[in-house]
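Read-outs throughout are calculated quantities, based only on the coordinates presented, and are distinct from any laboratory measurement. Predicted model, so just to flag it, every value in this text is computed and none were measured. Reconstructed Cβ throughout: ideal geometry from the backbone, glycine too, with neighbour counts over all protein chains shown.
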Amino acid sequence: MSAFAWNILLALIWIAVSGDFSGAGLLTGFVLGYIILGITLREVPAFAAYVRRVPKIILFAGYFLRELIRSNLRVAWDVVTPTHYMKPAVIAVPLDAKTDGEIALVANLISLTPGTLTLDVSSDRRVLYIHVMYLDDLEQVRADIKRFEARVLELLR
């Protein structure tokens, strides 16, 4: 059984023992299960990798949420003000992602943020074509997308 499955099992046992059948109870059980797995099975490679990966997932979720809010505010500001600040363009961004899963996750997360939309991947899977609403500085936009991709790849690899 995988480390994540063990963590879920420990969270469910916590819910059953505590009698707190709520989201907070599940979260508490999940955190306690994570701590127990981290302490007791730190020598087992599969569990050690899981224990190292969970904080990365939490940090990435916070980063993505911050980017999502920031891009939502920028688009909302452009909608409510009489002057449009849009400078739409289609740009090509070279990819460091190699597998189909990595490329799909990067492309979908880019499309989830307002103001950007993944259009296509080149046939050799080395370039991602993205429509951006605000192209103030091409190199800055590419750098932002590459930073985003690097965080996703750090999470997956």
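Structure notes:
- As a rough guide to protection, the peptides 73-81, 122-130, 7-15 ranked by mean Cβ packing within 10 Å, highest first, stand as 7-15, 122-130, 73-81.
- Over the chain, equivalent-ellipsoid semi-axes from the Cα gyration tensor in Å: 38, 21, 11
- A simple charge model with +1 on the Cβ of Lys and Arg, -1 on the Cβ of Asp and Glu and nothing else charged puts the dipole of the chain at about 280 debye relative to its Cα centre.
- Peptides ranked, highest mean first, by Cβ atoms within 10 Å: ranges 90-96, 23-29: 90-96, 23-29
- 0 to 90° range, to nearest 10: angle between helix 100-112 axis and the chain longest Cα axis: 70
- Separation between Cα centres of the range 95-157 and the range 1-38, rounded to whole Å: 34
- Degrees, to the nearest 10: 138-156 long Cα axis against longest axis of the chain: 20
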